[in-house]
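Colleague: One structure, as structure tokens, below. Some questions next.
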Amino acid sequence: MASMEKIVSLCKRRGFMFQSSEIYGGFGGFWDYGPLGVELKRNVKEAWWQDMISSHNELLLPEGAPATYEMVGLDSTIIMHPQVWKCSGHYDLFHDYMVDCRQSKKRYRFDQVRGRWVECKDQKIFVTTLADIEEEDAEVQRRALKFFKLRGKDADRLSYDGDFMTLDALDNMDQVLGPDANELGTLTEPREFNLMFKTTVGALSSEEDGAAYLRPETAQGIFVNFKNVLDSTRVRLPFGIAQVGKSFRNEITPRNFTFRSREFEQMEIEFFCPPDQSQQWYRYWRDRRVAWYKELGLSGDSIRMREHHAEELAHYSTGTADIEYAFPFLAEGEFGELEGVSHRGDFDLRSHMEGKLDPNTNPLTVELNEDGKPRHRGSGRDLSYRDEATNEKYIPHVVEPSAGADRATLAFLCEAYREDEAPDEKGKMQTRTLLKFHPRLAPLKAAVFPLVKKDGMPEVAKEIYGELKENLAVFYDEKGAVGRRYRRQDEVGTPYCITVDGQTMQDKTVTIRDRDSLEQWRVPMKEVSTEIQQRIREGSGFTPDDQR
């Protein structure tokens, strides 16, 4: 598996991703997508929308389900009525535990600071670090040597007790050396920290009266519009509402490139169904979403599905499965969440009807303000559904496949990265870096080259380029040896390269080269556009590796 350092370097060098506000030193937890990155992420989102919503298939439906179901889209606002977040539970429950360092004045997420016990000079301390997994051993040793006032040559005087663990596994913080401290016991006890970004709406509003929040998820925008969609489209259960959009979470310690950011994009579906069919639909969406990732290139041991244990379930969930991926920044054998598929029951619609539900027992609870009025009151609107066939009225259950566009993009990038041996233009074997994207996801679908900049070849190449550009993202390059041009396109994941050469001027055929197999074949100029578009639609020649 490629190191995260190599992948991040390629992303910056070739214009996939940049640190936000880099010229001012960067802004932690925020990332910008460059010219190639924005195309890759857009392709991921469009593949998701195409496969899940606009042309969704209806294969392998749950037993007893209708032969068809509808999928529609929505685009709700980033800022919504504050009561939305009170009834959803985010106002009270959406938090992480944090610790502060009295010495460095920095703040850390309690369950993300890792460290291990180190003993020297009859003293045992817990040395913490925020370094990446592959660097944390060296960082702990460096910090321990500094604390005990030893030199590098004295490293054998340090003894280690146990494996790395997070702070939440410790009983007390007295012997902890904080990530940026040089004294013990500088970390505070953990306390709650709400992750929603707060803002003020209205020019003359006070901070309290005009308080609102940037949405921490797109899902609630779907729930509060459930009745609007039902009435305006005449869809009938079962059906799904999908949304792609930005969400914001004030992460205490954003880290691992774009994996955990403060601003991110989600691809979410809320699938509404009759209560007695919800478990079948939960299994259907769970399995279908795993299959989607595999079809587009995540395969072998790099992806898995993990069912949550009862104690892991969120307050709204009666069943959740995480689709997880073995990101390179994790230790060997560890996986990070790529997507969650949750059975939410009727929690959300009922909450927005009646008010906040108690997360432990789920009966309706009404909290009163000082004036005696309900604090977390619902909308009072009827969000139930009446079945026209049976005249039965009920609150639908919901299955939620919630994917991160940024995490999916990162996973496809990590999976695509390869280094292999390939011949150069002189036949000499050299190391080649390539991104083995599925053709549907590749930022550039094809590149067009004239073999040389003379004899009419550039004019013909530009004609082909212009024709392809009407339907596909393509690139034109006439600089340097053709072998080096191939290498540049391999490195950004372009699946096909089209070369205009001397034979083209004689018989009107061109050479097409496949990125993965390095196979080359000739095609008539007039058939190039059709050939490339068909291969991209079918994913021709793309075979995900069983082993990475």
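Colleague: Of all DSSP beta bridges in the chain, what percent run antiparallel (nearest 5)? Spell out each step's value before the answer.
Modeller: Details: 84 of 98 bridges.
So the antiparallel bridges in the chain amount to around 85 percent.
Colleague: Something else about it: Is there a quick way to get the dipole size of the range 97-193? I mean about its Cα centre, with the Cβ of Lys and Arg at +1 and of Asp and Glu at -1; what is the value in debye to the nearest 20?
Modeller: Computed about the Cα centre, the dipole is about 560 debye.
Colleague: For the residue pair Y24 and V38, what label-to-label distance in nm results when each label sits 7 Å from Cα along the Cα-to-beta-carbon direction?
Modeller: Distance between the two pseudo-spin positions: 2.0 nm.
Colleague: May I pose another question? Quickly work out the T68-to-T188 label distance, labels modelled 7 Å from Cα along the C-beta direction, and quote it in nm with one decimal.
Modeller: That separation, rounded to one decimal, is 5.9 nm.
Colleague: According to the square roots a ≥ b ≥ c of the eigenvalues of the Cα gyration tensor, what is the shape class of the range 385-484, taking rounded for a/c under 1.5, prolate for a/b larger than b/c otherwise, and oblate for the remainder?
Modeller: Verdict is oblate for the range 385-484.
Colleague: Based on alpha-carbon centroids, what's the gap between the range 91-142 and the range 475-545 in Å, whole number please?
Modeller: One Cα centre to the other: 50 Å.
Colleague: Would you please classify the overall shape of the range 97-193 from the alpha carbon gyration tensor, given that a ≥ b ≥ c denote the square roots of the eigenvalues, rounded means a/c under 1.5, and beyond that prolate means a/b larger than b/c while oblate covers the rest?
Modeller: On the way: a/c = 1.82, a/b = 1.68, b/c = 1.09.
Cα axes put the range 97-193 in the prolate bin.
Colleague: Another question, if that's okay. Picking from F147, L167, V127, whose Cα lies most toward the positive end of the charge dipole for the range 97-193 (charges on Cβ: Lys, Arg +1; Asp, Glu -1)?
Modeller: Looking along the dipole axis, the top candidate is F147.
Colleague: If each residue of separation counts as 0.36 nm, what is the full-extension length gain between I79 and K12 once their alpha-carbon separation is subtracted?
Modeller: 20.9 nm
Colleague: Sticking with this one: Say a paramagnetic label sat at a point 7 Å from the Cα of A211, along Cα to Cβ; which residues of the range 247-269 have their backbone N under 20 Å from it?
Modeller: Flagged as within label range: 248-252.
Colleague: Just to confirm my numbers, what's the Cα centroid distance between the range 226-297 and the range 153-199 in Å?
Modeller: Result: 35 Å between the Cα centres.
Colleague: Using 1/(1 + (r/R0)^6) with R0 = 45 angstrom and r between the beta carbons of E334 and D387, what's the FRET efficiency to the nearest 0.05?
Modeller: Details: r = 45 Å, r/R0 = 1.01.
Calculated value: 0.50.
Colleague: Going by average Cβ density within 10 Å per residue, which order do the peptides 460-471, 273-284, 212-223 take, highest to lowest? Could you put the intermediate results ahead of the total?
Modeller: Details: 460-471: 16.8, 273-284: 18.8, 212-223: 21.8.
Most protected by this proxy first, the peptides run 212-223, 273-284, 460-471.
Colleague: Looking at the range 426-538, send over the antiparallel percent of its DSSP beta bridges, to the nearest 5.
Modeller: Once the DSSP bridges in the range 426-538 are tallied, antiparallel ones form about 55 percent.
Colleague: Using a ≥ b ≥ c from the Cα gyration tensor of the chain (square roots of the eigenvalues), is it rounded, prolate or oblate, where a/c under 1.5 gives rounded and otherwise the larger of a/b and b/c decides, a/b for prolate?
Modeller: It is oblate, given that a/c is not under 1.5 and a/b is not larger than b/c.
Colleague: Mind giving me the FRET efficiency for D154 and A131? R0 is 35 Å, r the Cβ-Cβ distance, nearest 0.05 is fine.
Modeller: It comes out at approximately 0.95.
Colleague: Please tell me the relative contact order of the chain in percent, rounded to the nearest whole number, where contacts are Cα pairs under 8 Å and at least six residues apart.
Modeller: This gives 13 percent for the chain.
Colleague: Can you work out the PRE-style zone for S540? Point 7 Å along Cα to Cβ, and I want the residues of the range 499-515 with backbone N under 18 Å.
Modeller: Zone members listed by number: 499-500, 509-515.
Bear in mind that the values in this text are calculations on the coordinates, not laboratory data. Model, not experiment: these values are computed from the prediction. Don't worry about glycine lacking a Cβ; one is built from the backbone with ideal geometry, like all the others, and counts go over all protein chains shown.
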